[in-house]
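All of the numbers you see were taken from the coordinates with simple rules; none came from a lab. Note that the structure is predicted; figures quoted are calculated from it, not measured. Cβ placement follows ideal geometry from the backbone for every residue including glycine, while neighbour counts extend to all protein chains displayed.
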């Protein structure tokens, strides 16, 4: 699954366009490398997202095309 879509489905970022812009700005790092929106997310990847002066670091535990709002937090774990 594409990185921008994963960020939206997992609800780490609310909208796909915002996720796409964050990737273009270089604020998303996967496994130590700056990632593009088209990066293929796999289970076990470590995603680091920079929001201003705050950084969120998560590990991908599952990849699903669609998920209910209550189950979205099961797609990743905070590190």
Legend entry - Choice from 57, 69, 42 showing the highest fluctuation, given a GNM over the chain with Cα pairs closer than 10 Å: 69
Inset, instruction - Quick one: compute the contact order of the chain, relative version, from alpha carbon pairs under 8 angstrom and 6+ residues apart, as a percent. - result: 28
Inset, instruction - Based on other C-beta atoms within 10 Å, arrange 71, 48, 65 from fewest to most. - result: 65, 71, 48
Inset, instruction - Would you mind ranking 10, 38 so that the residue whose beta carbon has the fewest other beta carbons within 10 Å leads the list? - result: 38, 10
Legend entry - the chain: calculated mean residue ellipticity at 222 nm from DSSP helix runs of at least 4, using -39500 (n - 2.57): -5500 deg cm²/dmol
